[in-house]
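Peer 1: What follows is a single structure, and I will ask about it in a moment.
The values are calculated or read from the model by the stated rules, or taken from the named source; none is laboratory data. Just so it is clear, the structure is predicted and the values come from calculations on it, not from any experiment. No Cβ is skipped: glycine too gets one built from the backbone with ideal geometry, and neighbour counts run over all protein chains shown. Remember, those area values only see protein heavy atoms, side chains included, never the ligands or the DNA or RNA. Shrake-Rupley method; radii C 1.70, N 1.55, O 1.52, S 1.80 Å.
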Amino acid sequence: MKNFGKAVVKVRHLILIVAMLLLIPAFWGYTHTRINYDMLVYLPSTIETMIGQNILEDEFGTGAIAMLVVEGKDNKTAADLKAKIAEVPHVNDVLWYDSFLDLSIPVEVLPEKIEEAFMQGDSTLMAITFDTTTSDDDTMEAITNIRAICDDQCYLSGTTAVLQDTKELAEGEEPIYVGLAVLLATIVTALSMDTFLAPLLFLASIGMAIVYNLGSNIFMGQISYVTKALAAVLQLGVTMDYSIFLWHSFKELEAETPDDPKGAMAKAINRTLQSVIGSSITTIAGFAALCFMSFSFGLDVGIVMMKGVAIGVVSCVTILPSLILTFEKAIDKTKHKPLMPSLPKLPGWVQKHYKAILIAFCIMWIPAIYGYTHYGVYYNLDSTLPRTLKSIQASEKLRDEFNQSATMMVLSDQSLEAHQTAEMCDAMKQVDGVKSVIGLDAFLGGGIPRELLPERISHKLSSENWKLILVMSEYKTGSEEVNAQIDTLNRVIDQYDTKAMLIGDAPCTKDLVSIANHDFNVVNWTSIAIIFFIIAFVFKSASLPFLLVILIEGAIFINMAVPFYMGEELPFIASIVIGTIQLGSTVDYAILMTSRYQSERRNGVSKKDAVFIAHKTSINSILCSGFTFFAATFGVGLYSNISLISSMCVLMARGALISTGLVITVLPAILMLFDPVIIHTSIGFRPKKEKMPAGTAAAVQE
């Protein structure tokens, strides 16, 4: 380990050359990693709704469905439009009323089931099926091509249309996310340091690490657009601490040996590596906990961020030292006085009022727990998008014109008798909120001879093993009404066919509710357990894991309670992952102060002086780290028009400030009160016989 720093300094120019060359394959990997915009694909493949989706694709050649509302066009024009759409690559079929009956049959004599499904005033409705899945690139391209064919009187809705709009919105915003994070983090770092150039070198080093991380995602095949949007911001906010630690160590050692900056850097690298490895482990552990989610989005973001932190550590002890030594003279020319307040009176004030601070902390738990357990959560991710998007406006048009929101499908056993299927369809039609039910036997039950139905329609609604029935719901996906409706529909279906499956976005979204509740508990307890044992191992203590985890969990409870008191709802993903991210990312602040406290107590310093010194010497680093994390996420939270991303960034930014505030106020009070417990339940804290010279704490204060 001692030789590692010397080796880095010796080959620093080679390191920079290799680092620049590695950007080439990394950028190639970044541009060739597929981005997924459909969060439902992360549902477990073993649940019924996902099994049904596979059957739909395999046996019916249908992977996705979209609804097209056409206004103010006569039947001939609508039929021509339908024919053009049918020619778009990967469009499987376009179902309209002429799919079942000839256009020569007047609308007035159409069976009621067909008329109510496809006609409403001067508007008509077409159901477009695709031979590729909802989030497939070919399906999304087909949506673009259909929109090019249609005019302003056509409104295309459906999950794929929403995903296409999300893609365009996210790709347009992402460069601004990164720009805001870089700008604000640079400002905060420059204000807290004594040079303007060093923060730019930090960002250059971290920027390379981010590109390496995003480029290495190619081995995963694809990542979520949420992961892509947040990865750079999170990696910047989390790993900036390591750069700051290296810089402070270097300047401290350089002051001792001003004529040997290379030697000082070699020692700083070794010191940083030892400290940062311990710090990064807790952060990695927090992201590792996300990998235990049933909803595999957690695995997606967990793997990406674990890689990001590890790559950030490597970059910090190789690329950054090389940059600092290369630009050392330029750094000296940009020196200035640190402008961030250091709060010199806070340690003394906390020691004087530590009992009152602890009482306030305990009282705080009452509203925090209540808000934490009562904030609202929504599962329909369409709600996270601006109302101005074409797909969202089309969904509203579908609701307004046809009183229809969600489209579900029933896969029924082919062996079920036709009259039973017709009865099942009639029973489903009676369920509250069901707008219409479209199926082969449903129409035949209405008196239409099978011979009048085109053979291709029979094949689209019937396969060797399954019958396909479309169910149009008035209720919005993810709403309590549609979830209750799904329960009722499943009970009705089971009365006729126990093998039948109700599938579609609404049933998939309903599955998210139970899966998310399960994942919330698994992820939270897993992250707490992992970090608990890491702290216990690092400090060899039975009490400190409880104290530090309770402190940061208190910050998490406060953070998650704020939306309740502000009357806001959170996307379910944010409610699952934010606590783990905040715990893993900010427990380092508490570990930093506690480590110094341990060192002082081990050297025989009294309880009061040890806490004072630990507080005084670590407060600037904690403030800088917390404000940098805040800066990297806050701007994105304010700017993003995708409320899923905005909500997560606001929660992370606010969580960083709350954790910082509690660590620099409540943690010293905890150490003061529980010092006897810590001493007797930990190895390496018991004071030595020799005492600290009188006035040392006062000297530190000065």
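Peer 1: Only one residue in F250, F245 is closer than 18 Å to D332 by Cβ and in contact (Cβ under 8 Å) with a residue 40 or more places away in the chain. Which one? Spell out the reasoning first.
Peer 2: Values: F245 fails: closer than 18 Å to D332 by Cβ.
Within the list F250, F245, the selection yields F250.
Peer 1: Hey, another quick one. Counting only residues that are more than 12 Å from the chain's Cα centre (by Cα) and either at pLDDT below 90 or outside any helix (DSSP H, G or I) (or both), how many does segment 215-236 have?
Peer 2: Residues that pass the stated criteria total 5.
Peer 1: So, of the residues in segment 337-358 that are among the basic types (K, R) and closer than 22 Å to S621 by Cα, which turns out to be modelled with the highest pLDDT? Spell out the reasoning first.
Peer 2: In the first step, residues of segment 337-358 are kept if they are among the basic types (K, R); the result is 337, 345, 352, 355.
Of the ones still in play, those that are also closer than 22 Å to S621 by Cα are 337, 345.
On the way: K337: 76, K345: 86.
Restricting to residues being among the basic types (K, R) and closer than 22 Å to S621 by Cα, the top hit is K345.
Peer 1: Specify which of the listed residues (S294, S315) is assigned to a loop (DSSP other than H, G, I, E, B) and of a type in the set (S, T, N, Q). Write out each step before concluding.
Peer 2: Working: S315 fails: assigned to a loop (DSSP other than H, G, I, E, B).
Of the residues listed, the single one that is assigned to a loop (DSSP other than H, G, I, E, B) and of a type in the set (S, T, N, Q) is S294.
Peer 1: Return the total of residues in segment 148-165 being within 23 Å of S643 (Cα to Cα) and in contact with a helix residue (DSSP H, G or I) (Cβ under 7 Å, 6 or more places away or on another chain).
Peer 2: Summing the residues that are within 23 Å of S643 (Cα to Cα) and in contact with a helix residue (DSSP H, G or I) (Cβ under 7 Å, 6 or more places away or on another chain) in segment 148-165 gives 9.
Peer 1: So, of the residues in segment 624-657 that are of a type in the set (A, V, I, L, M, F, W, C), assigned to a helix (DSSP H, G or I) and surrounded by fewer than 21 Cβ atoms within 10 Å (Cβ to Cβ), which turns out to be modelled with the lowest pLDDT?
Peer 2: Taking segment 624-657 as the starting set, the residues that turn out to be of a type in the set (A, V, I, L, M, F, W, C) are 624, 627, 629-632, 634, 636, 638, 642, 644-645, 648-653, 656-657.
Restricting the remaining residues to those that are assigned to a helix (DSSP H, G or I) gives 624, 627, 629-632, 634, 636, 638, 644-645, 648-653, 656-657.
Now restrict to residues that are surrounded by fewer than 21 Cβ atoms within 10 Å (Cβ to Cβ): 638, 657.
On the way: L638: 87, L657: 94.
In this case the residue turns out to be L638.
Peer 1: If you go through segment 151-189, how many residues are in contact (Cβ under 8 Å) with a residue 40 or more places away in the chain, surrounded by fewer than 23 Cβ atoms within 10 Å (Cβ to Cβ) and assigned to a loop (DSSP other than H, G, I, E, B)?
Peer 2: Number of matching residues: 1.
Peer 1: Out of everything in segment 387-406 that is open to solvent by 20 Å² or more (accessible area, probe 1.4 Å), modelled with pLDDT under 85 and touching a helix residue (DSSP H, G or I) at 6+ places or on another chain (Cβ under 8 Å), what residue ends up being farthest from M50 (Cα to Cα)?
Peer 2: Taking the candidates together, the pick is R387.
Peer 1: Still on this structure, please answer the following. With segment 478-584 as the region, which helices (runs of 4 or more DSSP H) entirely inside it contain at least 2 residues that are hydroxyl-bearing (S, T, Y) and either in contact with a strand residue (DSSP E or B) (Cβ under 9 Å, 6 or more places away or on another chain) or in contact (Cβ under 8 Å) with a residue 40 or more places away in the chain (or both)?
Peer 2: Values: elements: 480-496, 505-539, 544-565.
The qualifying helices (runs of 4 or more DSSP H) are 480-496, 505-539.
Peer 1: Run A148 past the list (1) free of Cβ contacts under 8 Å to residues at least 60 places away in the same chain; (2) in contact with a Cys (Cβ under 7 Å, 6 or more places away or on another chain) and report the number of the one that doesn't hold.
Peer 2: (2)
Peer 1: List the pairs whose first member sits in segment 259-284 and is without any contact (Cβ under 8 Å) to a residue 24 or more places away in the chain and over 22 Å from K307 (Cβ atoms), whose second member is open to solvent by 50 Å² or more (accessible area, probe 1.4 Å) and assigned to a helix (DSSP H, G or I), and whose Cβ atoms are under 7 Å apart, counting only residues at least 6 apart or on separate chains?
Peer 2: Matching pairs, first to second residue: none at all.
For (1) surrounded by 16 or more Cβ atoms within 10 Å (Cβ to Cβ); (2) basic (K, R); (3) modelled with pLDDT under 85, each residue gets a yes or a no:
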{"position": "S458", "(1), (2), (3)": "no, no, yes"}
{"position": "L461", "(1), (2), (3)": "yes, no, yes"}
{"position": "Y496", "(1), (2), (3)": "yes, no, no"}
{"position": "L512", "(1), (2), (3)": "yes, no, yes"}
{"position": "V523", "(1), (2), (3)": "yes, no, no"}
{"position": "S527", "(1), (2), (3)": "yes, no, no"}
{"position": "F533", "(1), (2), (3)": "no, no, no"}
{"position": "S543", "(1), (2), (3)": "yes, no, no"}
{"position": "A561", "(1), (2), (3)": "yes, no, no"}
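Peer 1: Every residue in segment 664-683 that is open to solvent by less than 70 Å² (accessible area, probe 1.4 Å) and touching a Leu at 6+ places or on another chain (Cβ under 7 Å), please.
Peer 2: Correct list: I664, V666, L667, A669, I670, I678, S682.
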